[in-house]
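First comes the structure, then the notes that go with it.
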Amino acid sequence: MVSQAIKARNDYLRGRRLETGDGCPVDLVFAAYFYRRAALRGLAEAQHALGFLYATGQGVTLNETMAVHWFEAAARQNQVSAQHNLGVMYAEGRGVPRNEEIAVRWFYQAALGGSAEAREWLARCEPGQAIGNNP
């Protein structure tokens, strides 16, 4: 019997191939389908990938609230890219109210995990001005 973790990983890899066109035509709708299956099984990489699709409206209807939901699920499992993207969502008020404190907290966690982008974001921030001053 195949474990849920293996099923999740296989679905994530199918989604990734469909997103990038690796050996098949790009199909973002079907990629989102496989990412969702893996995300519901708790795979952080899939949760991040699905959040990114929702944040950009690729393969799914643009829904920043759902993007935050999936980024947060992945970020709580220490998925560094999700932590950074969640920081961006809070800093820009996308899918959630703008919140500098929460944004900085997620950028800090991502930076500790090795995210150069999060470190750059934090370096540009001045106390009380983290929101709205970053690209």
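Descriptive notes on the structure:
- By the beta-carbon count within 10 Å of each Cβ, the least crowded to most crowded order of PHE52, PHE71, fewest first, is PHE52, PHE71.
- Prolate/oblate/rounded call for the range 1-44, Cα gyration tensor, a/c under 1.5 rounded: prolate
- Positive end of the dipole of the range 1-132 (Cβ unit charges, origin at the Cα centre): among ALA123, GLN83, SER3, the Cα lying farthest that way belongs to SER3.
- The candidate values were [x] 1.45; [y] 1.02; [z] 1.06; the one computed from these coordinates for Rg/Rh (Cα atoms, Kirkwood Rh) carries the label [y].
- Neighbour net charge for LEU40 - beta-carbon separation under 12 angstrom, K R +1, D E -1: +3
- Cα-based helix-to-principal-axis angle, 28-40 vs the chain, degrees rounded to 10: 80
Read-outs: derived from the displayed coordinates by stated rules, not from any lab. Keep in mind it's a predicted model, so treat the numbers as computed, not measured. All Cβ positions, glycine included, derive from the backbone under ideal geometry; neighbour counts span all protein chains shown.
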